[in-house]
Structures are given as structure tokens and as C-alpha cells.
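Novice: Take a look at the following structure, please.
The values are calculated or read from the model by the stated rules, or taken from the named source; none is laboratory data. Just so you know, these numbers come straight off a predicted model, no measurement behind them. Ideal geometry is used to build each Cβ from the backbone, glycine not excepted, and the neighbour counts take in all protein chains shown. Heavy atoms of the whole protein, side chains included, go into the accessibility calculation; ligands, DNA and RNA do not. Shrake-Rupley method; radii C 1.70, N 1.55, O 1.52, S 1.80 Å.
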Amino acid sequence: MVNFVGAGCGAADLITVRGLRLIKEADVIIYAGSLVNPELLKDAKKDCAVYDSAKMTLEQVLAVMKQAEAEGKKTVRLHTGDPSLYGAIREQMDALSEAGISFEVCPGVSSFSGAAASLKAELTLPGVSQTVILTRMAGRTSVPERESFRSLAAHHTTMAVFLSAGLLKEMEEELLTAGYEPDTPAAIVYKATWPEERIFRCTVSSLWKTAEEAGIKKTAMILIGGVLGEKEIPGFERSRLYAPDFSTGFRKGTKD
């Protein structure tokens, strides 16, 4: 059995209870060494075989999985954040299916959630934004034309941008071209929830300058949108769910 486990976005104690149990039970762990907190490996069994996938190809990773399966061992493939987002797990799962090897996926805390928590931000505010777009800029890996950053930015929703800290000059231009106001709140969260986390609040028009001055070029989540305002947020409305006159299946609303 192979378990794909989301390690979370940084802090070792943000892994799920299930994920930690799977790590403790594993005979083999293949982890993303460039991104996963190594503190999580301290919970592995003493005789657990540990491999750093940052130094491996897909074929080498699969070879380890298949060998472990042949020996009746439990394998954990430890991915950063949540495996369903930019986790490159589909190609692994397809190969395992072809080989007749069973697998399961354990979710994890994504970096966009970790960054929002560090900012003490609610990404969906009534009257401001009810949609979060999770995306990335096109770099060495392209994106479908229909999902170009500019076309997504044109919706002016809350945006969480992965894997793009080195492309902030281009991102800033795309956001402004898509109609974002220059003073729209933004934030750069470097290594969200890690001990070395750094937070930089800025605006759409100062994203690149802020990153340049701070020396941020990678491992940062970029959040954009009016929900990030620190004081009064234009358009923000109180949630109807908790309004006195709002009836639910658990509470009768009052007219007064």
C-alpha cells in the first residue's frame, strides 16, 4: 500500500492526525526534501527507509515504491502542503494503477490556508469577495491559454498565487492590465507557518518592489484582494447567518 500524505505547509504540528499516524506506521518514506519540514521524519520508525525525492526522478521514485510493495512494506509519499494542489501525484497514481498497486491520499494544509492564517485573514467576505482563485503564473511550466493569469485576474476576486515569487514584476503588470486598482491590498508570505516565516503587506502596484527589497524570490505565497484590508474594508457586510432576523434550521429569526 502506498499513501500519499500532505505534510502541510511548514509547521510540523500542522500535519493531520491521520497523516502523522501513517508516517509512524511507514516502512518506507519518500519525501519532498526541498519543501517538507524534516521535523516530521523524527516520528518515523528507526528502521524506516527514507528517500529524498528532490534528488530523484519519477522513475526512481516509482522503482522504490514497487520494490517496497514487492516486499510487503507500507510506503508514505510525503508531499508538501496538500497533495491535490501542484503535487504531481496523478502521474504517480497512474503508474501505480498500471502496476496493480493500491494507494490512498491523505489531505494536508495548503500553503494558501497557512498564509491566510498567518495574515489573520478571511479570504471570503460578504460584499467583498465570495470566490478564491488558486493559480500560478506561467513559467517553465506553461498554463492552458484559457487559464492565462490575466484572464483569471479580470474577475477581481481574491487570488492565491502559487509558485510565482520570482515572477512578481510580470504578475504586477498582469494585475494592473486586468483592471485591479493599484492600491488593492496584497501580501507576500514567505515560508508560511515555518519558524522563518516573513510577512510583507503591500499593494498590487508595489508587489515587485516589496519582494525585491526583501530579497524574496521563491517559497512564497502571494495573496491579492480587498479582503486583505487591515482597517475598514469597502463593501464588507456582516454575515447573514448570524443576523438576529435570519432563520435557520437551528434558530428562529426575530423581526426586532
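Novice: What residue, of Leu78, Leu41, Leu58, is open to solvent by less than 20 Å² (accessible area, probe 1.4 Å), under 27 Å from the mean Cα position of the chain (by Cα) and not hydroxyl-bearing (Ser, Thr, Tyr)? Show your work before the answer.
Specialist: Details: Leu41 fails: open to solvent by less than 20 Å² (accessible area, probe 1.4 Å); Leu58 fails: open to solvent by less than 20 Å² (accessible area, probe 1.4 Å).
Only one candidate passes the filter, namely Leu78.
Novice: Considering Ile15, Ile30, which residue is β-branched (Val, Ile, Thr), over 13 Å from Arg77 (Cβ atoms) and either in contact with a Gly (Cβ under 9 Å, 6 or more places away or on another chain) or in contact (Cβ under 8 Å) with a residue 12 or more places away in the chain (or both)? Break it down into steps so the answer makes sense when it comes.
Specialist: Details: Ile30 fails: over 13 Å from Arg77 (Cβ atoms).
Selected residue: Ile15, the only one of Ile15, Ile30 that is β-branched (Val, Ile, Thr), over 13 Å from Arg77 (Cβ atoms) and either in contact with a Gly (Cβ under 9 Å, 6 or more places away or on another chain) or in contact (Cβ under 8 Å) with a residue 12 or more places away in the chain (or both).
Novice: Let me ask something else about it. Going through region 214-248 one residue at a time, which ones are open to solvent by 80 Å² or more (accessible area, probe 1.4 Å), in a loop (DSSP other than H, G, I, E, B) and either touching a His at 6+ places or on another chain (Cβ under 7 Å) or at pLDDT below 80 (or both)?
Specialist: Arg238, Asp245
Novice: Restricting attention to region 143-166, does a residue exist that is touching a Ser or Thr at 6+ places or on another chain (Cβ under 6 Å), buried (at least 17 other Cβ atoms within 10 Å of the Cβ) and part of a helix (DSSP H, G or I)?
Specialist: Within region 143-166, one or more residues are touching a Ser or Thr at 6+ places or on another chain (Cβ under 6 Å), buried (at least 17 other Cβ atoms within 10 Å of the Cβ) and part of a helix (DSSP H, G or I).
Novice: Which one is surrounded by the fewest Cβ atoms within 10 Å (Cβ to Cβ) among residues in region 116-127 that are of a type outside the set (S, T, N, Q) and in contact with a Ser or Thr (Cβ under 8 Å, 6 or more places away or on another chain)? Don't jump to the end; show me each part of the working.
Specialist: Step one: of region 116-127, the residues of a type outside the set (S, T, N, Q) are 116-117, 119-123, 125-127.
Next, from what is left, pick out any that are in contact with a Ser or Thr (Cβ under 8 Å, 6 or more places away or on another chain): 117, 123, 126.
Working: Ala117: 16, Leu123: 22, Pro126: 14.
Going through the qualifying residues, I end up with Pro126.
Novice: Condition first: over 16 Å from Val5 (Cβ atoms) and open to solvent by less than 50 Å² (accessible area, probe 1.4 Å). Now tell me which residues in region 86-98 satisfy that.
Specialist: Ala95
Novice: Still on this structure: I need the full set of residues from region 21-48 which are within 14 Å of Gly81 (Cα to Cα) and either outside any helix (DSSP H, G or I) or touching an Asp or Glu at 6+ places or on another chain (Cβ under 9 Å) (or both), in order please. Write out each step before concluding.
Specialist: Filtering region 21-48 for residues within 14 Å of Gly81 (Cα to Cα) gives 31-38, 40.
Across region 21-48, the qualifying residues are Tyr31, Ala32, Gly33, Ser34, Leu35, Val36, Asn37.
Novice: So which residues in region 185-203 are surrounded by fewer than 21 Cβ atoms within 10 Å (Cβ to Cβ), in contact with a helix residue (DSSP H, G or I) (Cβ under 7 Å, 6 or more places away or on another chain) and among the β-branched types (Val, Ile, Thr)?
Specialist: Ile199
A quick yes/no check of all residues on (1) small (Gly, Ala, Ser); (2) part of a loop (DSSP other than H, G, I, E, B); (3) touching a residue at least 60 places away in the same chain (Cβ under 8 Å); (4) in contact with a Gly (Cβ under 7 Å, 6 or more places away or on another chain):
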{"residue": "Glu69", "(1), (2), (3), (4)": "no, no, yes, no"}
{"residue": "Leu96", "(1), (2), (3), (4)": "no, no, yes, no"}
{"residue": "Ile101", "(1), (2), (3), (4)": "no, yes, yes, no"}
{"residue": "Gly127", "(1), (2), (3), (4)": "yes, yes, yes, yes"}
